[in-house]
Every structure is written in structure tokens, then in C-alpha cells.
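Working notes, beginning with the structure itself.
The values are calculated or read from the model by the stated rules, or taken from the named source; none is laboratory data. Quantities reported herein were computed from a predicted structural model and do not represent experimental measurements. Note: ideal-geometry Cβ built from the backbone for every residue, glycine included; neighbour counts use all protein chains shown. Heavy atoms of the whole protein, side chains included, go into the accessibility calculation; ligands, DNA and RNA do not. Shrake-Rupley method; radii C 1.70, N 1.55, O 1.52, S 1.80 Å.
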Amino acid sequence: MDAQLGLLERINLMTKRLEGMVAVITGASSGIGAGTVHRFVEEGASVVAADIQEQAGEALAAEFGESVVFIRTDVTQEEQVAAAVDLAVEKFGRLDCMFNNAGIVGVVGPIADTPTEDWDTTIAILLKGVFLGCKHAARVMIPQGSGSIISTSSTAGVLGGLGSHGYTAAKHGVIGLTRSLALELGPQGITVNCICPGPINTNMTSAIDDK
């Protein structure tokens, strides 16, 4: 058994693909964000967990000691996104990965009945928040000459009819922004990608199912 454990420990050491790297993850307190924090730390990274859910965020950071620090971040507020990026540099010395993941379902219903204020809020969180994360990550990564920016889009960003109108429009926008930034930042050593998850059982999607 001891020999078996020793082998597992050696395998774990060999798979520390993010050893010494630093990431900022938005929407980090729950769902995909929280799962990503766990995986990044398992792979050796230090993480700034950014979210508006303070209690859950503080509890998450407490699980990992000095490897994770939480900062309350509303991704629609530029100064708060900038502060999360600055915290990564101040505490851990650099920024290797920006994961723009914060999201909501947003406004739902027929287009003719959609309140403009709710539409604006949806776009602000799902698209403006990604723009701000990319902007401030680039501010740090360009002088470094390296980095990875990842944003969460959705299958709704590839096809219509898989989400509400605001959500679908924003997720299409994330894909377009990703393509544009990849062309700008690639020559400077920065990769820009997005992921398009299908249905995942999280608190956000559960709220839809309960309605």
C-alpha cells in the first residue's frame, strides 16, 4: 500500500502543469468557476478568486491557505476588475491566466416584452465583464510577453435558440471578441481562447430548471 501511495504521489507531482503560475478567475465562488479554482490549485497554480458572492468566496479561499486569495469583484465595474488583476501581481508577482467566467442567465422572455434595463444588465455582466477582464489582463501580460486569456461563452454563442435573447447575443459577442483579440495579442505571446460549454448542472442552471 505504501509503495502504491508513493507512486500516486509521484504521478501527482508529474501532473503539476500549472506549477508556479498565477490566475485570476471571475465567477470563482460557485459552479464552473469554483471547479476551475480547485483544478488550478491541484495543478500547482496560485489563484485570485474574484466574485460578488463574498461568503462563498471567502470559504473557498480558506480551503487552500496561501494558494488562493478572494476579492469581491463586480465584473461590470472596471475599477474592481482592475483591482483583481492588480492583486494577482501584488501578491503572487505576475499574471499567467485570466479566466473570464462570471455569468448569469440574465433577462428572459419574448423580445417585445424585454425590459431595456434588464437587457443592459445582462450584456454588462456577460460581455462587458469579459471585455474588462481582457483589457486589464492584457495590461499586465503585454509587458510580460506571455499569458493566456480564456473566456466562457456557450453553445448558445454558436447556435441560436439555446438561451434567452440577451444571453445568446452576449455569448456570440464573447466569441467575436475572442477571435479579434487573438489576432491582436497572439504576436505578443498571449493566447486568447473561449470555451463553449453545453448544459452543466450548476446553481445558475438549476435556477432555470426550477422555474
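The figures follow:
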item	result
Options Ala88, Ala82: the member that is within 22 Å of Leu185 (Cα to Cα), open to solvent by less than 40 Å² (accessible area, probe 1.4 Å) and touching a His at 6+ places or on another chain (Cβ under 6 Å)	Ala82
Counted residues, region 181-199 - those being touching a helix residue (DSSP H, G or I) at 6+ places or on another chain (Cβ under 8 Å), assigned to a helix (DSSP H, G or I) and under 17 Å from Leu127 (Cα atoms)	1
Where Ala84 falls short, out of the listed (1) free of Cβ contacts under 8 Å to residues at least 24 places away in the same chain; (2) over 26 Å from Thr15 (Cα atoms)	(1)
Wholly within region 5-94, helices (runs of 4 or more DSSP H) carrying at least 3 residues that are modelled with pLDDT of 95 or more and under 26 Å from Ser146 (Cβ atoms)	31-42, 78-92
Filter result (farther than 24 Å from Phe40 by Cα, open to solvent by 20 Å² or more (accessible area, probe 1.4 Å) and not hydrophobic (A, V, I, L, M, F, W, C)) within region 105-142	Gly106, Gly109, Pro110, Asp113, Thr114, Pro115, Thr116, Glu117, Asp118, Asp120, Thr121, Lys128
Filtered residues of region 133-173 (kept if β-branched (Val, Ile, Thr) and touching a Phe, Trp or Tyr at 6+ places or on another chain (Cβ under 9 Å))	Ile149, Ile150, Thr152
So Ile200, is it open to solvent by 40 Å² or more (accessible area, probe 1.4 Å), under 17 Å from the mean Cα position of the chain (by Cα) and at pLDDT below 95	yes
Extreme residue, surrounded by the most Cβ atoms within 10 Å (Cβ to Cβ), among residues of region 55-74 that are within 19 Å of Gly129 (Cα to Cα) and free of Cβ contacts under 8 Å to residues at least 24 places away in the same chain	Ile71
Qualifying residues in region 39-50 (those that are open to solvent by less than 10 Å² (accessible area, probe 1.4 Å) and not small (Gly, Ala, Ser)) - the one farthest from Arg17 (Cα to Cα)	Val48
Hits in region 153-180 (condition: in a helix (DSSP H, G or I) and open to solvent by 30 Å² or more (accessible area, probe 1.4 Å))	Thr155, His165, Tyr167, Ala169, His172, Gly176, Leu177, Arg179, Ser180
Verdict on Ser30 being closer than 22 Å to His136 by Cα, in contact (Cβ under 8 Å) with a residue 24 or more places away in the chain and in contact with an Asp or Glu (Cβ under 9 Å, 6 or more places away or on another chain)	no
Whichever residue in region 95-124 is of a type outside the set (A, V, I, L, M, F, W, C) and in a helix (DSSP H, G or I) and, among such residues, is farthest from Asn193 (Cα to Cα)	Asp113
Filter result for Ile150 (in a strand (DSSP E or B), out of contact with any His (no Cβ under 9 Å at 6 or more places or on another chain), open to solvent by less than 70 Å² (accessible area, probe 1.4 Å) and at pLDDT 95 or above)	yes
